[in-house]
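Coordinate-derived values only; no laboratory data. Everything numeric here is computed off the predicted structure, so don't read it as measured data. Cβ: placed from backbone, ideal geometry, glycine included. Neighbour counts: every protein chain shown.
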Amino acid sequence: MIDVLYNTSMDANAIKELRQRLQESQTQFGARFSVSQITVAHWESGRSKPMSKRLLEIQDLSRMPTASATAPRPFRPIQYLGSKLRLAETIATIIEQVAPRSCRVGDLFSGTGVVSSAIAVSHPVTAVDIQSYSAVLSAARLRSSARHFSELLKPEFEHRAREVESQLGRALAPLISVEQDAIAEAKEGRTTLLAELIEHGSLAVFEQRPAATISSYLESALKSSSRNLKRLGLSTADTTALRYFGGPYFSYPQAIALDSILIASTDFKNHSTALAVILSAASEMVNTVGKQFAQPMKLRKADGTTPEILLQRAIRDRSLDTFHVFSSWASRWYAHTLKPSKEHKVVCGDVLDFVSQDESCRAWYADPPYTIDHYSRFYHVLETISLRDSPKLDEMAKRGEITVMRGVYRGGRYQSPFCIPSKAHSAFDGLFSATAKNGAPLVLSYSPYDEAQGNRPRLLTLKEMMDIASKYYRNVSLEEIDEHSHRKLNSKSLNSGIRSNAECLIICEAAR
């Protein structure tokens, strides 16, 4: 936990010094606590003192060294494919140019909420994505206050989480012991046990369909730990990270701590905000190549050898302390907190269904997928941790044996039509036609690619995309942007002269 101290008192001078450190006017400072400029002036002159609730809020603010009144820059809450972090402010500026002033903007395929938070500085936003983890991240970004995150840094919150951690740790003692032995052996060059734990150490996998080739040591630990958890009487929702992903994706202590923090957050009535920070912490700690969740790390090659770099990465990732990582992310979320607004909305649902029915958004930004890669494959761990349900895991036949797939994928994972070759054209056609129905402008991201460089081919070319857009919009233009600059291309047919490393925006205005 971050070593910060509460001010035991906040007198008039301390309040004024805090406001000045934040570089805020009395009006801006008062807005944090829903009081007027006059009230702040009275606090600073000593004519009146904050009520106890306000005083606690001010103390919370004073102990956060990163607190700032300036408009927070977008930040990336998880490792994310195709993140628009470096482009978010440019995208928001372009939205400003095409969208009616102060109108509601729909952010379609909102992902981590990076673009939503940039647009939200000047527009009410509706963030839409079918993935539950996206709704969790977007809601925390758009609707949580700084106080919500500061609560997660209080010593009493960690104390409660540690209590739960101790209880779960006793239940999982057999598996924790196996993991300790596995890492000790791996450091001496014997990686068999650690590789087996990563491949077969999930309790959920073991309970659904145990592997035929599992050592008696690991099998005994899985059986004992499963029985111990059942005796505790905790639901799967309480122990999702541990039951499903402890072993393959996280060390058992890490998974235990993730669940313990979320259980503690229920006592503090801060469940949804804590869950967003947990997703950030999980993204940093996950023991996979590239910090994506597509598959657990595979330590053993076909010839039985273990690449040294993978071994060191596995040991390093599994040594990360969950509480330290969590508090670091809670501080980061706090530092980037927007002014919360009930005007912002978050929708967890199918994008095409939403756009077809919505009448509130007067402008759109969309960042749909373009390749055959389903994002649900890369973030299914975060999805299950967010839903906290009891999904049956996908299985496959391998050499005549039915096994749970190595990725520990939840059954019925969402498959986007935008990622299916036979459906992609129709999906994009439906998107353009739906956004154009009420005359709203659309700004749509597209990433060109260079197949000669080994880039992943797009299901539709840029020209095909612009041709579809032109069926529904009279003015279709192209804008090429990168992290440093952007420039306008005034032709709807250009698909040449575009740099393969630049992001493009298709700007659609004036519906037909």
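Reported to the nearest whole Å, the Cα centre-to-centre distance from region 334-391 to region 262-289 is 18. Using alpha carbon centroids, what distance separates region 95-154 and region 181-237, in Å? First find each Cα centre; the distance between them is then 39 Å.
With R₀ set to 30 Å, the beta-carbon distance separating T236 from K437 gives a calculated FRET efficiency near 0.10.
Calculated over the chain, the projected area of the Cα convex hull averaged across directions stands at 26.5 nm². Spacing of the modelled spin labels on M405 and T27, each 7 Å from Cα toward Cβ, amounts to 5.5 nm. Beyond 31 Å in Cα-Cα separation lie the following of the pairs K291/K471; K291/K342; K230/K269; K53/K342; K84/K301; K223/K398: K291/K471; K291/K342; K84/K301. What percentages make up the Cα-Cα pair-distance distribution of region 149-335 when the bins are 5 Å wide from 0? Spelled out per bin, shortest first, that is 1, 8, 17, 20, 19, 16, 10, 6, 2, 1, 0. Normalising the average separation of contacting C-alpha pairs (under 8 angstrom, six or more residues apart) by the number of residues puts the relative contact order of region 149-335 at 28 percent. Remark: spin-label model distance D350-E163 equals 4.6 nm, labels positioned 7 Å along the Cα→Cβ axis.
Here the calculated FRET efficiency for A510 and I420, from their Cβ-Cβ distance with R0 = 22 Å, stands at 0.10, rounded to the nearest 0.05.
Given Cα pairs under 8 Å that are at least 6 residues apart, what percent is the relative contact order of the chain? So the answer I get is 17 percent. If you take the square roots of the eigenvalues of the alpha-carbon gyration tensor of region 84-140 and sort them as a ≥ b ≥ c, do you get rounded (a/c under 1.5), prolate (a/b over b/c) or oblate? Because a/c hits 1.5 or more and a/b exceeds b/c, region 84-140 counts as prolate. Nearest-5 percent of antiparallel DSSP beta bridges in the chain? The antiparallel fraction comes to roughly 60 percent.
Calculated [222 nm] ellipticity per residue, helices only, for the chain: -14000 deg cm²/dmol; basis is -39500 (n - 2.57) per DSSP H run with n ≥ 4, divided by all residues, nearest 500. Using equal-weight Cα scatterers in the Debye expression, the normalised intensity of region 377-482 in log10 at q = 0.12, 0.14, 0.15 Å⁻¹ is -0.66, -0.81, -0.87. Working ranking of peptides 117-126, 220-229 by packing, defined as the average number of other Cβ atoms within 10 Å per residue, highest first, is 117-126, 220-229.
The calculated Kirkwood hydrodynamic radius for region 12-62 is 10.6 Å, given to one decimal from all distinct C-alpha pairs.
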